[in-house]
Amino acid sequence: AVLKKRLVKLVVNFLFYFRTDEAEPIGALLLEHCRITKEEENVFSISFIEEPERKYCFECDSEQQCQEWIEALKRASYEFMRRSLIFYRNEIQKMTGKDPLEQYGISEEARFQLGTHKQ
């Protein structure tokens, strides 16, 4: 394994990485269908379902920073955001008796499809 020092920036569900001396990213990881794993005290990895043998490892300055990155990356996927939207939409509807997204033209059929979609 080759270790390289990189700066990273999380933007929605993309993890951009940069050389330490450049402003433009040299690459990005789309955080969908991936597994984030704590490897060591200050190290976590990202691997993808499509190519599980390839693993991207990241070393942090502290264990706390490592845990913060892991939690942020786990919340970054579209699938996580979708499940959160469905959960909170249902909770608000239970509390108020009204669908909070109805005013935006999202029908009951769409809510049902979102709630029953399986991968």
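Points worth noting:
- Computed over protein heavy atoms with a 1.4 angstrom probe, the accessible surface ordering of ILE36, ILE49, ILE92, largest first, is ILE49, ILE92, ILE36.
- Lys pairs, the chain - Cα-Cα below 23 angstrom, 8 or more residues apart or on other chains: 12
- Cα gyration tensor, region 7-71 - rounded (a/c under 1.5), prolate or oblate: oblate
- Compared with the dominant Cα axis of the chain, that is its longest principal axis, helix 78-96 is turned about 30°.
- Loop sites by DSSP among the trypsin sites (Lys or Arg not before Pro) of the chain, restricted to those with at most 11 other Cβ atoms within 10 angstrom, leave 6-97 as the longest stretch without any of them.
- Heavy-atom surface of the chain, accessible at 1.4 Å and reported per residue (Å²): 76 Å²
The values are calculated or read from the model by the stated rules, or taken from the named source; none is laboratory data. None of these values were measured; they are calculated from a predicted model. A quick note on method: Cβ atoms are made from the backbone with ideal geometry, for glycine too, and the neighbour counts reach across all protein chains shown. Heavy atoms of the whole protein, side chains included, go into the accessibility calculation; ligands, DNA and RNA do not. Shrake-Rupley method; radii C 1.70, N 1.55, O 1.52, S 1.80 Å.
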